[in-house]
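Undergrad: Below you'll find the structure I mean.
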Amino acid sequence: MKRFANILLVVDESTDYSAALKRGAALARQNQARLTVCTIVDTVPSEVRIGAIRITPRQVLDVAISRKREWLED
């Protein structure tokens, strides 16, 4: 009997999560479950100004999400 159908693993760049990832993968295999690995993107300031360039919060968030996605894929 399967105990898990979906497993969520939240990781952080500042922590060694390799043991948790191995355990999550093993649980997913044993239970024929889906393993989802995610991370948190911090809040974005209302407006960022770098030199004379104004960057919207959405642009900052898009860059942060892109960097986290690349990190997760690695």
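Undergrad: Residue by residue through segment 17-34, what is 3J(HN,Hα) from phi via Karplus (6.51 cos²θ - 1.76 cosθ + 1.60, θ = phi - 60°)? Round to whole Hz and write x for glycine and proline.
TA: So the Karplus estimates, Gly and Pro as x, are 9, 4, 5, 5, 5, 4, 5, x, 5, 5, 4, 5, 5, 4, 9, 6, 9, 9 Hz.
Undergrad: Taking amide H positions as placed in the peptide plane 1.01 Å from N, state which residues far from residue 39 in sequence (5 or more) or on other chains have amide H under 5 Å from it.
TA: Long-range HN contacts for residue 39: 11.
Undergrad: Tell me, what is the 1.4 Å probe accessible area of residue 8, in Å² to the nearest 10?
TA: 110 Å²
Undergrad: Could you list which residues have their amide H under 5 Å from that of residue 7, counting only those 5 or more apart in sequence or on another chain, with H placed in the peptide plane?
TA: 34, 35, 36
Undergrad: Pop the C-beta distance of residue 40 and residue 60 into the FRET formula with R0 = 25 Å and round what comes out to the nearest 0.05.
TA: 0.95
The values are calculated or read from the model by the stated rules, or taken from the named source; none is laboratory data. Note that the structure is predicted; figures quoted are calculated from it, not measured. With ideal geometry, Cβ positions are generated from the backbone for all residues, glycine too; neighbour counts draw on all protein chains shown. Just the protein is used for accessible areas: all its heavy atoms, side chains included, with ligands, DNA and RNA removed. Shrake-Rupley method; radii C 1.70, N 1.55, O 1.52, S 1.80 Å.
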